[in-house]
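> Here it is: the structure, laid out below.
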């Protein structure tokens, strides 16, 4: 059987709207934290779609579970994010060439912000082939000026003040957007040797207007994101048969 492509979203709305594009074969629930896992086909490919819940711990747990149980070809994290860079506007798509956890702070022991002690790597590169395919899919949907690739930062915080946004940019001036799960998914996939990619639609500007903008634009940006994810999945090369 062909190895599936795993797609992970945090919120029910992110997963439900993507599930509507799937031919679903089976639904599973992990009752200890009510996680949802759907298996079926999307874009003609075997896909496992999972709702992990919000935050880095939930994201890492479901990623490891899915890797252990499905041995996927690749892991894709799909969802919304708050824009950090002035180049990134609401409705744009950001693709994670790299990711890290902006809230890891062991500076008092001379570790730079974002560096995880005792680990060889704290910045996790997205798969180059998946990145190129995602950029092409997103440009087809939105046009070149609305698609960005670069650093995505994650933390267990919804960024909703200009002060907090500027603080993150002070440590990570190249960061394009902030969200709450991607780097944990990336770290887990990386440590398991599974290609991964974070693809995010911008729902707000991670500033004082973020709570209002998030609610206003969430359902507007997700359909475009879902179209990009489906195009990406269709374009992923099938593994060579042995």
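> With segment 140-241 as the region, which helices (runs of 4 or more DSSP H) entirely inside it contain at least 1 residues that are modelled with pLDDT under 95?
It comes to 210-235.
> Applying the selection to segment 192-216, what residues are under 15 Å from the mean Cα position of the chain (by Cα) and either more than 20 Å from residue 152 (Cα to Cα) or crowded, with 24+ Cβ neighbours inside 10 Å (or both)?
196, 197, 198, 199, 200, 201, 202, 203
> I've got another one for you. Can you tell which of 240, 227, 189, 175 is surrounded by 21 or more Cβ atoms within 10 Å (Cβ to Cβ) and more than 14 Å from the chain's Cα centre (by Cα)?
None of the other options fit; the residue is 175.
> For residue 135, state whether it is within 20 Å of the chain's Cα centre (by Cα) and crowded, with 21+ Cβ neighbours inside 10 Å.
Numbers: within 20 Å of the chain's Cα centre (by Cα): yes; crowded, with 21+ Cβ neighbours inside 10 Å: no.
The answer is no for residue 135.
> Here is a follow-up. Just need a number here: residues in segment 97-129 that are over 17 Å from the mean Cα position of the chain (by Cα) and closer than 12 Å to residue 182 by Cα.
0
> OK, next. Got at least one residue in segment 112-130 being part of a helix (DSSP H, G or I) and touching a strand residue (DSSP E or B) at 6+ places or on another chain (Cβ under 6 Å)?
So far as segment 112-130 goes, yes, one or more of its residues are part of a helix (DSSP H, G or I) and touching a strand residue (DSSP E or B) at 6+ places or on another chain (Cβ under 6 Å).
> Might you let me know whether segment 10-24 holds any residue that is modelled with pLDDT under 95 and under 16 Å from residue 155 (Cβ atoms)?
Yes: segment 10-24 contains one or more residues that are modelled with pLDDT under 95 and under 16 Å from residue 155 (Cβ atoms).
> Looking only at strands (runs of 3 or more DSSP E) that fall completely inside segment 1-91, which ones have 1 or more residues that are free of Cβ contacts under 8 Å to residues at least 40 places away in the same chain? Give the derivation first.
Working: elements: 5-9, 23-30, 35-42, 45-51, 74-83.
Answer list for segment 1-91: 23-30, 35-42.
The values are calculated or read from the model by the stated rules, or taken from the named source; none is laboratory data. The structure presented is a predicted model; accordingly, all values stated were derived computationally and were not measured. So basically every Cβ, Gly included, is an ideal-geometry build from the backbone, and we count neighbours across all protein chains shown.
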